Each structure stands twice: as C-alpha cells, then as structure tokens.
Number of protein chains: 2
Amino acid sequence: MEYMKIKDKGKDEGTTDIEDPHPRSGPGGIVNNPKTAIHEGSEWKRKSLVTIALTVLTSSQGILIAWSKRAGKYDYSVTSANFLVETLKCALSLIALFRTWKREGITEDNKLSTTWDEVKVYPIPAALYLVKNLLQYYIFFYVDAPSYQILKNLNIISTGVLYRIILNRKLTEIQWSAYILLSIGCTTAQMNSSSDHVLQTPIQGWFMAIIMALLSGFAGVYTELIIKKRPSRNINVQNFWLYIFGMIFNVGAMLTQDYDEIMNKGFFHGYSAITVCMIINHALSGIAVSMVMKYADNIVKVYSTSVAMLLTAVVSMFLFGFHLTLPFVLGSMVVSVSVYLHSKGKVLR
Amino acid sequence: MEYMKIKDKGKDEGTTDIEDPHPRSGPGGIVNNPKTAIHEGSEWKRKSLVTIALTVLTSSQGILIAWSKRAGKYDYSVTSANFLVETLKCALSLIALFRTWKREGITEDNKLSTTWDEVKVYPIPAALYLVKNLLQYYIFFYVDAPSYQILKNLNIISTGVLYRIILNRKLTEIQWSAYILLSIGCTTAQMNSSSDHVLQTPIQGWFMAIIMALLSGFAGVYTELIIKKRPSRNINVQNFWLYIFGMIFNVGAMLTQDYDEIMNKGFFHGYSAITVCMIINHALSGIAVSMVMKYADNIVKVYSTSVAMLLTAVVSMFLFGFHLTLPFVLGSMVVSVSVYLHSKGKVLR
C-alpha cells in the first residue's frame, strides 16, 4: 500500500517500452545467444504480463481497502494479517519452486539452500521499511494527514534519483521530464481542499518526509539490486528468502504492537471474508512487485502503482459514489501524457 | 487580457526555439541570400526581444489590473479606455512609420496606402472578437464565473489545433505533448475551491465555451495569417490598418454600451494616473502581440502570455499578499516542464 498512483489507457506503451540501457542476461542467463531475438520477445511478454498483473492487483487492493473501511475501522489485528501475507507469499513461492523442481530438477540456480553471502542482504529492505514505519509515528508531530498524503509522492522522485545513482541506469531527458510529471500528476490527482496545508509544513516535517521517501526509495531500489544481482537465480528462491525475513520482521511487529489483543481475543479475531480476500490480494501483489523488480524495474513499478491509484479512484467512483474532482481529472491527464512521453522518450533516445 | 498563462526560467529556450517548418523569406524578403546566416541570427534576436516584451508587458498588465481593482470596481468607462488603447496603438504605428519613411524613403512595402484586396481581411479578427464578446454575455446563463475561468483555457488547445490546420505548421509529438501540458498546467495553476463546479457544466455551456475558444483561437491564427501573408510588408502599416478597424469596432461598443454614461459624465470621467498607465500598457502589449505574430507565431504568443499569467501571480503574492496555493505550485511546475519539453521537442525532431 506504499504506492498508489497512476496511468491509464497508454499503459502498455508506457510500461513495456521501458528498457534497460545495460543489457544483461535474461532470467535464463542467455545473452549473446542466437535465440536472443526470440528471448527478447518473450522477455517483453513477461515484462508486460507482470506489469499488468501488478497494476490490476494494486488497483483491486485499493478497492478492497475502501470496501473494508466502509464498515468503519479495522476489526482485526493488522499485524497478524501482515504476517499471514508474508507467510502466504512464502508458501506460494515454495509451491512454484516444487513445480520447477519437478520439471527441471534441482539445479544451482533453483536450489533453496543458500550461502550467508547471498542471503545476508535480504533483510535490508525489510529493515529499511521498519525504520520508515517507525518514523511515520513521529512525522505526524509536524505534518497533518492530508499533507502527509501529498508528501508521500516524494517517493516517486526519490525512487527515480536512487534508481539512477545506485543502479546506474539512465533515463533520457524526455523520460526524466515524464517522470517528474508523473509525480506532479499523482500529487494533483490526490489534491483536496485540505492539501494546501502542505505549504505550511515546517522544515522538520519536510526533512522527515524526505528521509522517509529516501528510505522507501532505497528499499525498492535495493530490492531490485538484490534480485538482479544474479539474473539466473530462480526468482522464487529469491522471493522465499525475502519473505522469510518479512515473516520474521512481522512477528516482531505483532509482538510489540498487538500482543495483548492477539492473546486476549485470538489471532483470527475479527477476520471476515473480505479480510481473507485482502490477504490473498496483498500476497499476490507482493509477488507481482518482486516479479516486476526481476523482469522490469523500479520505474515500471512506480508507473504501474501510479496507474493503479488512478484506476482505484475511477472504480471507487462507480462503486462508492465518490465524486469526480477537477484536480483528479487534470492529474490523470498529466499522468497520461507522462506515460506517453516515457515511451516516446525511449524512441527518440 | 484574453490569455494570461505561463512559463518561466526556460523562457528563452521555449519561445525562441520554435521554428518554422516552411522556411519563408525574412521580413526583408531575403532568402537564399548569402547573408541568410546573419539574418537568422538577427531574426532570432528579434524573436526573443518581442517575446520577452510581450511577457513583461502582459505580466505588468495583470498587476496593474489587480492594483486598480484594489480600490474596488472600475470608476471609468471601459469602452472609452479600449477606444483610447486602439487610438494610441494607431498613433504609435504612425510615429514608427514616419521614422521609417525618413530613414528609408517611401517604398512599396512601407507606404500607408493600400488596396481593397490587402485591407479587406483586416476587420475579420476584430469581428471575431466582437462575436466572442457577445457570446460571453450568454455563456453565463450556463456557466458560473469560476468555471468560466477554467474553461477559458480551452483557448490554448483551440489555438494549437487551428494553428496546425489553418497555418499548416507542424509541431512534433513531444511539442504537442508539451502544448497539452501547457493547457493542463495553466488550468491547474488557476484552480481554487470553486473550480470543481466546472465538471457540472451543462452540455450547452461546454458547447458555447468551445465555440468561444474556437472564435478566439481563429482570430489569433487569422491575424498571424494576415500579417505573414506578405512578409516584406512593413509591420507598422499592417498594424495601422488592424488598429483602425479596432478603433471603429470600439466606437460601436462605446455607443451601444456606455453612451449615456459618457454623455452625462464625460469621456474621461473617473480616469486616474493608473488608468493612464493601464491604457499605455495595453497599447504596448497589443503592439507586442502583433510583433510576435510577425516574427514568431501564435504558439510563442500562448507560451508567452501563459508565463506572464504565472509571473503576475508570483508578483501579486509579494505586492498584494496573495497566498501561494498547492495548485499554483503544481501548475507552475507542469508549465515549466512544458516549456522545457517544447524546446527539447524541437531538437529531437
């Protein structure tokens, strides 16, 4: 639920056209292979598929949350649900792995066992998110809720900048313009009458918001770095280790935040059919994020979740009678132009 | 006061880089001449100069209006002021002409006398504006004032489309994207809490707004067509005839709208030093618009007046203590990116 931003019709162009200026071997480690052209085609297909999956899952996530909130606040322990999400992701990765083993046998790339050297970086993204979530409690001393909603769009910028610096991947000038427009468009689309407060944010608030954006951007970019470090490594093994640490961190959160509640009312108190749907959806979109990191990149992820944010809002208008606002219309237009320019920027490179 | 939109730091790139895909002779009719390179340099200089003049004049226009309104509503007859503006423009064109005659003697290109064939098209822009201004009274049956402010930005789009169709001048895809962003950015920058009403505009309101945008866009593009039709023709002669018809149309407006007031209170009733400043400013910016049409084009005019709108708002914050709003900040950012993309779009053409 970190990113909930935009895109719409131009989706396919925008996301599938993002290319890697540093050609690396495909997931099978095949490069300089006569089959490269065919593999590029199948890579393109896979990239599109995971991107569309992420967009659809993230938008339905937003709708499920809006739906569950209609009845008021959460009746269940959020940390227990988060723990179940991580567990489900782990289980799904294992199921996918079993199928791979059955098909291909156990190889160096798909074996579950790992080395300390490989696995030691996996807790880092989870740890970064933890620090960010802790900061979140303190930022509200300086920033009100509507302003925080606006400031969260700094994540888009920080992700772009860190993507450039840490992964050393280049965007063209047109693509940078498009990317900046993406963040402006998302912010515009989310504006309401209270958003102006953000301009009265004290310097401490800005400072914390920037730190949080950097932490969250760094976590995303670092995940991409880990997953792409060894391109031939099976993604489900990488996910398994990523999610194992996610489970551990969430046990910690459960114990510190909801220990009493879980002990008194039980682990599953307040769960409903919709809670189960949300857990399944969160797990699937989590896996989709990993897939996008493996087969596309953080920029695709940001575009994808941004478009999902807009789709959520549009669907919410029909489902929950939300009103169309002028900022939303204008913001969506800016995002659409941004998606177009992003793909155009590549061609004109 | 028709257009009041954007641009800022990137101004020079944005406006001076607009180029004509149909090379035509320069104002001296010199093309395929060994001196072409030198002339291109001086053309570029002149283009920049008139563009900067238009931007500065239009922004100070906005500030003068805000200033004069601080004391309340207008104390003087607006139609009489408009008539004086046209008269002043005529006089200034004549003065410039006298100087040219003294320097160069009377030639076929700078003689004041004209043919029916040349002059018959000159009243058309003024007539179009007249129809548009009449429609303006009726649109308020369907559209409220804040919505009208938003809908006026349709002018930007209509000017671009008519510029493409009537003048057959091309913009690249990046430049079109930039141009669409310009209109979105201007609209965003002008948003306030009442702007959302625009989405409830009935179909008749939209229809009238589109007609008005087309009329105003057509008047602008047609003026460019007239002025550029004979590039070697002295601009001051062209202006003289344009403004003569402006004077005639304004006499009509005075007689129909303010006849009683002028007869009872006198032509100059309610005039102050600031009124005189405004008349001089309007006259000079009118001439700057003509110059931009001659040496640049309608797209430059729209960018220039758009940036002027933003500059006016920024200066008003300091002078009149207007508050900075988030829509204004975001809109200005979109416009800045638009200006950058416009110049970038040319290079990548």
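Nothing in this text is a laboratory measurement; each read-out follows from the coordinates by a stated rule. Values in this document were obtained by computation on a predicted structure and should not be read as measured data. With ideal geometry, Cβ positions are generated from the backbone for all residues, glycine too; neighbour counts draw on all protein chains shown.
Using a simple spin-label model with pseudo-atoms 7 Å out from Cα toward Cβ, B:Cys277 and A:Asp75 lie 6.7 nm apart.
Exceedance of the 26 Å cut-off in Cα-Cα distance is limited, within the set A:Lys111/A:Lys301; B:Lys152/B:Lys265; B:Lys229/B:Lys301; A:Lys344/B:Lys229; A:Lys170/A:Lys294; B:Lys47/B:Lys89, to A:Lys111/A:Lys301; B:Lys152/B:Lys265; A:Lys344/B:Lys229.
Inter-copy label distances for A:Arg99: 8.1 nm (label point placed 7 Å from Cα along Cα→Cβ; shortest first).
Under a Cβ-Cβ cut-off of 10 Å, what is the net charge of the residues other than A:Glu224 that fall near it, where Lys and Arg count +1 and Asp and Glu count -1? Surrounding charge for A:Glu224 is +4.
Restricting the stretch B:73-140 to GluC sites (Glu not before Pro) that sit in a DSSP loop and have at most 14 other Cβ atoms within 10 Å of their own Cβ leaves B:Glu108. When only Cα pairs under 8 Å and 6 or more residues apart are kept, what is the percent relative contact order across the stretch B:11-347? That works out to 42 percent.
For B:Thr256, the point set 7 Å out from Cα toward Cβ sits 7.5 nm from its twins in the other copies, listed from shortest up. Each 5 Å bin, from zero up to the one with the longest distance, holds this percent of the alpha carbon pairs of the stretch B:144-201: 4, 18, 24, 20, 14, 10, 8, 2. Its Cα gyration tensor gives chain A an equivalent ellipsoid; the semi-axes, largest first and in whole Å, are 30, 28, 19. Run through the stretch A:85-131 and list the trypsin sites (Lys or Arg not before Pro) located in a DSSP loop whose Cβ has at most 14 other Cβ atoms within 10 Å. Those that pass, being in a loop and sparsely packed, are A:Lys111, A:Lys120. Given labels modelled 7 Å from the Cα in the Cβ direction, how far is it in nm from B:Lys111 to B:Phe98? Reported label-point gap for B:Lys111 and B:Phe98 is 2.1 nm. Can you classify the protein assembly as shown as rounded, prolate or oblate using the Cα gyration tensor, where a ≥ b ≥ c are the square roots of its eigenvalues, rounded means a/c under 1.5, and otherwise it's prolate if a/b beats b/c and oblate if not? Here the protein assembly as shown falls in the prolate category. Simple spin-label estimate for B:Tyr138 and A:Trp206 gives 5.1 nm between the two label positions (7 Å along the Cα-to-Cβ direction from each Cα). Computed from phi, the 3J(HN,Hα) profile of the stretch B:174-181 under the Karplus parametrisation 6.51, -1.76, 1.60 (θ = phi - 60°) reads 5, 5, 5, 4, 4, 5, 5, 4 Hz, with x in place of Gly and Pro.
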